[in-house]
Amino acid sequence: MLTLDYTGDPLTPFEPAYTRDSGKPVERLDPSDVDLHKIPVLPMGYGAAREIIDRMTGETAPENWHSGIPTTHRIEGGDELTVRVRVNQPKALTLAVNVVGTVRGTELPDEWVIFGAHYDPWGFGAIDPNGGTAMLLTMAEALGELAANGCAPRRSILIGHWDAEEYGIIGSAEWVEELRDELNANGVAYINADSAVSGPRFGSSASPSLKGPIIEATKTVEYPGSGMSVYEQWLQANEREDAPMGNLGGGGSDHVGFYSHIGVPSGSLGFGGSGGVYHSNYDNFAWYERFGDHEFIYGPTLAKVNGVLALRLANADVLPYDVARYAQDLKTHTETIERLAADAGMAMELSDLHGAIEVLADAADAYETARDAGVRGEDFPDAELRAINQLLVALERAFIHEEGLQGRPWFRSLYASPDPFSGYASWMLPGLRYEIETDNPEQLEFWEGVYSEAVGELTSRVEALRERLND
Ligand SMILES: [Zn+2]
């Protein structure tokens with residue numbers, strides 16, 4: 001359960017947590033004024049947990065609280081039972097250090113294509129996070145070699161290794177807060193790689209505009225030992241005819257600051273599916289070597305897919321965002337919201353929003369037709385391309401709602417956010433979703449207005465793009 005309504009350093013909401021010796025001003029809240037957790041929480045092993053649960057005699061717990069241990073779960077221990085737990089979790093002000101490497105772009109160094117993963121683990125952390133950090137190091141080595149041999153990218157590629165993620169997504173959130181203006185103006189994409197390699201099955205989730213580029217990148221790399229592309233194997237393994245791209249939005253990792261606070265299109269790609277050792281002491285190298293990626297082939301494969309994605313985003317004349325996908329996904333999410341409302345006894349039709357999405361769909365198709373007709377030659381000098389790309393970068397920011405979401409102003413994306421209760425689940429159209437989850441039907445009309453306006457803003461940005469291409 002979350003006790004804070006923002007992500008990052010609990011003492012510096014909205015502001016970067018500069019160190020005292022940085023010479024930069026930073027005002028820290030007094031910890032006694034911050035709603036830090038008050039209930040001590042301690043993970044424990046099956047054996048000890050079972051001893052305690054079996055001795056409990058109070059009221060039984062709801063079904064979905066059950067741990068998987070085959071015994072009766074209860075809320076209270078009863079009068080006879082006392083458990084003493086020694087919890088050693090000191091509160092301290094500790095230095096967190098992000099490490100960010102940059103391959104400087106030759107032509108547009110201020111436009112940033114960003115990859116990242118945290119590097120702090122719970123325990124050994126072979127998968128979480130290092131399945132991702134090791135993959136990023138492999139990718140960084142390759143990009144560095146390309147640059148040293150005269151093939152540096154046109155835009156800058158940044159690779160971040162974030163600290164203090166497991167403590168509340170602190171390192172990346174503080175970096176985003178420090179570079180808010182730069183990221184807002186020039187952040188092209190953020191690709192997260194937390195725990196990115198732990199098995200043979202490819203999967204990905206992203207914001208709409210990155211789904212196309214990610215799918216295309218998977219078509220260029222061979223799935224190890226199969227004679228198929230990663231894309232073909234991905235469809236086959238899921239028995240699908242189209243790529244099963246997920247929707248990014250949950251709060252469990254470092255994309256949150258980029259995506260839900262600033263509105264930088266974000267994605268996540270990974271190989272998984274070997275079973276769970278999540279936040280476990282068994283998440284160690286022996287597990288990784290025996291079960292995760294025992295021939296060490298999925299990590300390099302992901303580095304290739306991500307490498308192609310990085311270079312395409314960094315080198316494209318016109319950023320290859322999947323603009324039409326916004327309308328397709330918005331339609332699906334709006335229908336989902338209507339279904340959730342109906343299930344909660346609040347039947348409603350979001351007809352204004354559906355109407356706005358249809359207008360967007362037409363505008364996006366017109367833009368993509370103009371783009372596919374070709375953007376090259378003397379009609380599009382560098383300054384013109386720069387203007388077009390600036391408009392493209394601004395598309396996702398149309399979902400940024402300055403006041404933020406209900407009761408949590410730090411989360412500003414109307415498109416996607418973590419759920420506000422656990423912070424883990426992915427909520428699409430969170431402004432509407434919140435009113436359904438909190439049983440507040442009278443607010444739905446207001447939020448439909450907010451969403452229709454945001455979709456209208458996105459539509460006018462797409463139309464401005466199309467006009468620039470056709471002129
Ligand atoms: Zn992690």
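For Gly246, enumerate residues with amide H under 5 Å from its amide H, sequence gap 5+ or separate chain, H modeled in the peptide plane.
Under 5 Å from the amide H of Gly246: Ser204, Ser205, Ala206.
Would you mind checking which residues have amide H under 5 Å from Met348's amide H? H placed 1.01 Å from N; only 5 or more apart, or other chain.
For Met348, whose amide H was placed from the backbone, the distant partners under 5 Å are Ala342.
How high is the relative contact order of the chain, given as a whole-number percent (alpha carbon pairs under 8 Å, six or more residues apart)?
Numbers: 820 pairs, mean separation 78.1, N = 471.
Reported relative contact order: 17 percent.
If you average the C-alpha positions of segment 12-31 and of segment 69-138 separately, how far apart do those two centres end up, in angstrom?
Value for the Cα centre distance between the two parts: 22 Å.
Can you tell me how much longer the chain between Arg28 and Phe291 gets when fully stretched, taken as 0.36 nm per residue apart minus their C-alpha distance, in nm with one decimal?
This chain segment gains 90.3 nm when fully extended.
How big is D for the chain, in µm² s⁻¹ as a whole number, if Stokes-Einstein is applied with the Kirkwood radius of its Cα pairs at 10 °C and 1.306 mPa s?
It diffuses with D of about 66 µm²/s by this estimate.
Shape call for segment 192-315 from the C-alpha gyration tensor, a ≥ b ≥ c root eigenvalues: rounded (a/c under 1.5), prolate (a/b greater than b/c) or oblate? Mind dumping the intermediate values first?
On the way: a/c = 1.73, a/b = 1.14, b/c = 1.52.
Taking the square roots of the gyration eigenvalues as a ≥ b ≥ c, segment 192-315 is oblate.
Residue by residue, what Karplus-based ³J(HN,Hα) values in Hz, rounded to whole numbers, does segment 405-412 have, using 6.51, -1.76 and 1.60 with θ = phi - 60° and x for Gly and Pro?
These are the phi-based 3J(HN,Hα) values: 7, 3, x, 8, x, 5, 8, 10 Hz.
Which sequence of Arg468, Arg412, Arg20, Arg104 reflects their accessible areas, 1.4 Å probe, from the largest down?
Per-residue accessible area, sorted high to low, gives Arg20, Arg104, Arg468, Arg412.
Only bridges whose two residues both fall in the chain count here: according to DSSP, what percent of them are antiparallel, nearest 5?
Of all bridge pairs located within the chain, approximately 50 percent are antiparallel.
Roughly what % of DSSP beta bridges within segment 37-190 run antiparallel, to the nearest 5?
35 percent
About the Cα centre, and with charges only on the beta carbon of Lys, Arg (+1) and Asp, Glu (-1), how big is the dipole of the chain? Nearest 20 debye, please. Working shown, then result.
On the way: 34 positive and 74 negative charges, 282 e Å.
My answer is approximately 1360 debye.
Determine the per residue accessible area of the chain with all protein chains present and a 1.4 angstrom probe, expressed in square angstrom.
The answer is 49 Å² per residue.
On the accessible surface of segment 1-98, probed at 1.4 Å, how many percent belong to carbon and sulfur atoms? Please report the intermediate quantities before stating the final value.
On the way: 4130 of 7880 Å².
It is 52 percent, rounded to a whole number.
Starting from the 7 Å offset along Cα-to-Cβ, what nm value, one decimal, do you get for the label separation of Arg104 and Thr19?
For Arg104 paired with Thr19, the spin-label model returns 2.4 nm.
Classify segment 324-470 from the C-alpha gyration tensor, please: rounded if a/c falls under 1.5, else prolate or oblate depending on whether a/b exceeds b/c.
The shape class here is prolate.
Would you tell me the accessible area of Ser351, worked out with a 1.4 angstrom probe on the heavy atoms of the protein chains, in Å² to the nearest 10?
70 Å²
Taking only complete DSSP H runs, can you tell me which helices of the chain stretch 18 Å or more along their own long axis by Cα positions and average at least 0.0 on the Kyte-Doolittle scale?
Helix filter hits for the chain: 130-148, 298-315, 382-395.
May I have the count of lysine pairs in the chain with C-alpha atoms under 21 Å apart, counting pairs 8 or more residues apart or located on different chains?
5
Roughly how many whole Å is it from the C-alpha centroid of segment 168-229 to that of segment 455-471?
Spelled out, the Cα-based centre of one part sits 26 Å from the other.
Using only the Cα atoms of segment 149-204, build the gyration tensor, take square roots of its eigenvalues as a ≥ b ≥ c, and label the shape rounded, prolate or oblate: rounded if a/c is under 1.5, else prolate if a/b is larger than b/c, else oblate.
Since a/c reaches 1.5 but b/c is at least a/b, the shape of segment 149-204 is classed as oblate.
If you take every residue apart from Arg28 with its C-beta less than 11 Å away from the C-beta of Arg28, what net charge results, scoring Lys and Arg +1 and Asp and Glu -1? Could the numbers behind the result be given before it?
On the way: positive: Arg20; negative: Asp9, Glu15, Glu27, Asp30, Asp33.
Surrounding charge for Arg28 is -4.
Expressed as a rounded percentage, what relative contact order does segment 99-315 have, with Cα pairs under 8 Å and six or more residues apart? Display every interim value, and only then the final one.
Details: 446 pairs, mean separation 66.6, N = 217.
Relative contact order of segment 99-315: 31 percent.
The values are calculated or read from the model by the stated rules, or taken from the named source; none is laboratory data. Model, not experiment: these values are computed from the prediction. Note that each Cβ is placed from the backbone with ideal geometry, even for glycine, and that neighbours are counted across all protein chains shown. Note: areas computed on protein heavy atoms with side chains; ligands, DNA, RNA excluded. Shrake-Rupley method; radii C 1.70, N 1.55, O 1.52, S 1.80 Å.
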